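Working notes, beginning with the structure itself.
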Amino acid sequence: MKLVIDESRCKGCNLCVLVCPYGIFREGTELNSRGIVAPVLDRPERCTNCRLQALYGRMLCGVCHMICPDQAISWVEEKPFEPHKVEVEF
Amino acid sequence: MIAPDWFRDDRLPHIYCTGCGNGTIINCTLAGVEEMGWKRNETVFVSGIGCSSRAPGYILTDSLHTTHGRALAFATGVKMARPDLHVVVFTGDGDLAAIGGNHFIHACRRNVDMTVVCMNNHIYGMTGGQGSPTTPPGAISTTTPYGMSEPAFDLAELAVAAGANYVARWTSYHVKELTKAVVAGMQTPGLAFIEARTQCPTNYGRHNKLRSVPAMIEHLRSHAMLVQKRDRLVAEGKPIPEGTFTVGELVRRSRPAMGVQR
Ligand SMILES: Cc1ncc(C[n+]2csc(CCOP(=O)(O)OP(=O)(O)O)c2C)c(N)n1
Ligand code: SF4
Ligand code: SF4
Ligand code: SF4
Ligand SMILES: [Mg+2]
């Protein structure tokens, strides 16, 4: 599972930064296209739910996603060890 | 996002200010509804007027956004006419305890079978920050520029005294506990009252030296005391620290209830 912030909803309150026990959310520094400074993710693959949700078949930890007042945090399916195609533009 | 089947995707993002705790309380309530396994066409959300009362507008079920203070009166009507429906009320401290104070105590006395979630931000958020019956002593609001001089209502204790079958209090920081309390309340026949203390950074925090959202959450967290701990301190004759409020389950009982479907 992959942790994602929906930037079309996030209002940059930084409550996720406050609650994550792994410090995965870091206060952002750049304004996005909506004029909001959304947090950035620091090695999100460390998140308990990213690692173990499939194994346990239920939500683990999940406090960031419960406290996020703007319903902006979620997890998306990701195939493990999928090779990522990198395109280099010249 | 929590309970994706219950949110009106097309209405999000909601109108709440950055860091407003109301969104968190909607998450916890919907997580509870989902855990109960209720169906969307068997659940009704009712609210009055206020920022908190806008919550049903973001939920994909039938709902009633009623007049200021009257959410419980309308909800009682829904329950009496259709006891087969699950009724959940979202209300604010002003909506519930100021203009709607009478409906509050009588809904508890009658013990109408529904779940009432009060987003208590200690202020009239929507109208620009006037003092409410829960504004703490000394707090600055637009109607108390020298500090609130009146004592505040303890909404949860009020519900216990008035007769509700389930009463709990948590804060927007205690997301897991709040969700559990919502579920326990929904399982209890009769009126379940869940007070969720929450942050209004715009109209409360700004005037009370709690400008940032994390500072407001930290204030809630550090002033919350478990009921068990309060009881222990009282039994030991020790003083209760100034400004703290109890959190946890205050009552769970089985007084006769109204509108319970057999
Ligand atoms: C009969 C009536 N009186 C007054 C108002 C103005 N009014 C709208 S919201 C509100 C207070 C809301 O406070 P609260 O219930 O705490 O909700 P919050 O916005 O803080 O969530 C008031 C006084 C109204 N809409 N209707
Ligand atoms: S689920 Fe828990 S560990 Fe994972 S990002 Fe959220 S708060 Fe951090
Ligand atoms: S809690 Fe939600 S809205 Fe707030 S900064 Fe984090 S992702 Fe954005
Ligand atoms: S005014 Fe206060 S209660 Fe209303 S949306 Fe803004 S922060 Fe929330
Ligand atoms: Mg209020």
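If I filter region B:162-186 down to residues being of a type in the set (A, V, I, L, M) and within 14 Å of another protein chain (Cβ to nearest Cβ), which single residue comes out as nearest to B:Val89 (Cα to Cα)?
Only one residue fits best here, namely B:Val182.
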Notebook entry, point to check: Out of the residues in region B:1-40 that are among the β-branched types (Val, Ile, Thr) and part of a helix (DSSP H, G or I), which is farthest from the other protein chains (Cβ to nearest Cβ)?
Noted result: B:Val33
Next item on the list: Within region A:1-24, work out how many residues are part of a loop (DSSP other than H, G, I, E, B) and touching an Asp or Glu at 6+ places or on another chain (Cβ under 8 Å).
Entry: 8
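Sort out which residues of region A:6-51 are at the interface with chain B (Cβ under 9 Å from one of its Cβ atoms) and among the β-branched types (Val, Ile, Thr), and write them in order of number. Spell out the reasoning first.
Going through region A:6-51, the residues at the interface with chain B (Cβ under 9 Å from one of its Cβ atoms) turn out to be A:6, A:8-15, A:17-19, A:36.
Within region A:6-51, A:Val17, A:Val19, A:Ile36 qualify.
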Note to self: Quick check on this structure: which one of B:Thr67, B:Thr91 is surrounded by fewer than 24 Cβ atoms within 10 Å (Cβ to Cβ) and either in a loop (DSSP other than H, G, I, E, B) or not hydrophobic (A, V, I, L, M, F, W, C) (or both)?
What the structure shows: B:Thr67
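Of these, B:Phe104, B:Phe74, which one is touching a residue at least 40 places away in the same chain (Cβ under 8 Å), part of a helix (DSSP H, G or I) and among the aromatic types (Phe, Trp, Tyr)? Walk me through it before giving the result.
On the way: B:Phe74 fails: touching a residue at least 40 places away in the same chain (Cβ under 8 Å).
Every option except B:Phe104 fails the conditions.
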Next item on the list: Could you tell me whether B:Ser254 is of a type in the set (Gly, Ala, Ser) and part of a helix (DSSP H, G or I)?
Entry: no
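Identify, please: which residue in region B:187-227 is of a type in the set (D, E, K, R) and more than 13 Å from B:Trp170 (Cβ to Cβ) and is, among those, farthest from the other protein chains (Cβ to nearest Cβ)?
Looking at the filtered set, the residue picked out is B:Lys209.
May I ask you to list the residues in region A:60-76 that are at the interface with chain B (Cβ under 9 Å from one of its Cβ atoms) and of a type in the set (A, V, I, L, M, F, W, C)? Can you show your working first?
Looking only at region A:60-76, we keep the residues that are at the interface with chain B (Cβ under 9 Å from one of its Cβ atoms), and these are A:62-63, A:65-74.
Within region A:60-76, A:Val63, A:Met66, A:Ile67, A:Cys68, A:Ala72, A:Ile73 qualify.
Could you say whether any residue in region B:71-83 is away from ligand 4 (no atom under 14 Å from the Cβ) and within 14 Å of chain A (Cβ to nearest Cβ)?
Just the residues of region B:71-83 that are away from ligand 4 (no atom under 14 Å from the Cβ), to begin with: B:71-83.
After this cut, where a residue has to be within 14 Å of chain A (Cβ to nearest Cβ) as well, the list is none.
There is no residue in region B:71-83 that is away from ligand 4 (no atom under 14 Å from the Cβ) and within 14 Å of chain A (Cβ to nearest Cβ).
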Next item on the list: Could you check, for region A:61-75, whether at least one of its residues is modelled with pLDDT under 95 and exposed (fewer than 14 other Cβ atoms within 10 Å of the Cβ)?
Entry: no
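The values are calculated or read from the model by the stated rules, or taken from the named source; none is laboratory data. Please read all numbers here as calculations on a predicted model, not as lab measurements. Reconstructed Cβ throughout: ideal geometry from the backbone, glycine too, with neighbour counts over all protein chains shown.
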